[in-house]
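What follows is a short report on a single structure.
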Amino acid sequence: MENTHYLLLTPGPLTTTRTVKAAMMRDWCTWDYDYNNLVQEARQKLVRLAVKNTDHYTAVLMQGSGTFTVEATIGSVIKPSGKLLVCVNGAYGKRIVQIAQVLGIPTVVCKAAENEPINVEQLEKVLKEQTDITHVAAVHCETTTGILNPIQQITKIAKRYGKLTIIDAMSSFGGIEIDMESWQIDFLISSANKCIQGVPGFGFVIASRDEIKKCKGQARSLSLDLYDQWETMEQFNGKWRFTSPTHVVRAFYQALLELEEEGGVRARQQRYEQNQRLLVKRMKEAGFQPFIKEAYHSPIITSFCFPTEDFDFVSFYHYLKEQGFVIYPGKVSQTDTFRIGNIGDVHMADIQALTETIEKRAVCL
Ligand SMILES: *Cc1c(COP(=O)(O)O)cnc(C)c1O
């Protein structure tokens, strides 16, 4: 086991740098000021990554995987009298609907096919008809397929109708340039183990300061109370309410520094785009077609259709794993696909090596 090393092309968790992993080789106290100062710095850095004009925005970190933070947001920001519209074209949009249903929040769905972006005319029609909707939620990069949704168009319409906007930017934040203010996003959700390139253990929300202040006492859960967590971090200099994933946060801080060293989100986006373009080009040469139109691709992850009906994904997976690459099974409901992510500490040479390995096997078949 010790010697088994493979590249994770599975966001996430994803491949992290040695230095990010090494940052965890020290124990940290959850309430000591050394650690709390680190949390405060990470929160400030997150706000700076999300918006140019930082004055009206704030960040809050939440224990758990990304879904816990989505649930904390949905469960804390919607008033008892509220109603949520969710844009759905994949598994993560569906998950938001599921969360709202479990929490008993009235929900409407604006649905598109898994290989199509959200249709904004359809969205407008629903908003016009159902005036009691208070919040619009959408997924930026739907990791199910890798499709990129037109967030700026979605929020523009939502704002025209006076709605608050919640964006699941889990798999895009840090890897695609976003400006919350001009994009009119009130709550943006992401997690440690995606494009910031940290290890899993917590998620975070960057929010409009005015809007998060209004969420007091609204949460439908104690531990997933976003307002309370935020208020504690504000009042007590970065203190978490309950035990925090200290080592993960320390590694995350290192990952934030490495993002800066790389040249920020723009430079990282360029690397991801180069990775993704090379991946698609080489995969097509090896006989694999992407599931969605190239115009809709994100630079994050790509879904490929099985090349033949009797394609044996399990043996393909094990072959690649033996050669040092771990890929993702598909998540599309109607078509047989698999996914290859190219975020994380992954470079052109890795994509080159991966696709050569795939080609070699295609030749053997
Ligand atoms: C990864 C991801 C999530 C959260 O998944 P977890 O497994 O809970 O971390 C949510 N939405 C999107 C779009 C994602 O890519």
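Readers should treat all values here as calculations from the given coordinates under stated rules, not as data from a laboratory. None of the values given here were measured: they were computed from a predicted structure. Reconstructed Cβ throughout: ideal geometry from the backbone, glycine too, with neighbour counts over all protein chains shown.
For this structure, a couple of remarks:
- Mean-position separation - Cα centroids, segment 134-153 and segment 325-365, in angstrom: 24 Å
- Phi-based couplings in Hz for segment 168-178 (Karplus 6.51, -1.76, 1.60; Gly and Pro marked x): 7, 9, 3, 9, 10, 5, x, x, 9, 5, 9
- Translational D in µm²/s for the chain (Stokes-Einstein at 37 °C, 0.692 mPa s, Kirkwood Rh from C-alpha pairs): 156 µm²/s
- Long pairs among LYS213/LYS331; LYS111/LYS213; LYS45/LYS293; LYS125/LYS163, criterion Cα-Cα beyond 26 Å: LYS213/LYS331; LYS111/LYS213; LYS45/LYS293
- Computed over the chain, relative contact order equals 25 percent, with contacts defined as Cα pairs under 8 Å that lie 6+ residues apart.
- Segment THR308..LYS128, full-extension length gain: 60.3 nm, with 0.36 nm per residue of separation and the alpha-carbon distance subtracted.
- Amide H to amide H, with H built 1.01 Å from N, TYR57 comes under 5 Å of ARG209, counting only residues 5 or more places away or on other chains.
- Full-stretch length increase - GLU262, GLU211 - with 0.36 nm per residue and alpha-carbon distance subtracted: 15.1 nm
- Listed by chain and number, the lysines whose C-alpha is less than 17 Å from the C-alpha of LYS21, apart from same-chain residues fewer than 8 away, are LYS194.
- Segment 61-114 versus segment 266-287: alpha-carbon centroid distance in Å: 31 Å
- Shape call, segment 154-258: gyration tensor on alpha carbons, a/c limit 1.5: oblate
- Label positions at ASP179 and ARG277, each projected 7 Å from the Cα along the C-beta direction, are separated by 2.4 nm.
- ASP168 sits among other residues whose Cβ lies under 12 Å from its own Cβ, and their net charge, with Lys and Arg +1 and Asp and Glu -1, is +1.
- Stretch gain in nm, segment GLN218-ALA113, where the contour uses 0.36 nm per residue and the Cα spacing is subtracted: 34.5 nm
- Taking other Cβ atoms within 10 Å as a rough exposure proxy, LEU49, LEU127, LEU9 sort from fewest to most as LEU127, LEU49, LEU9.
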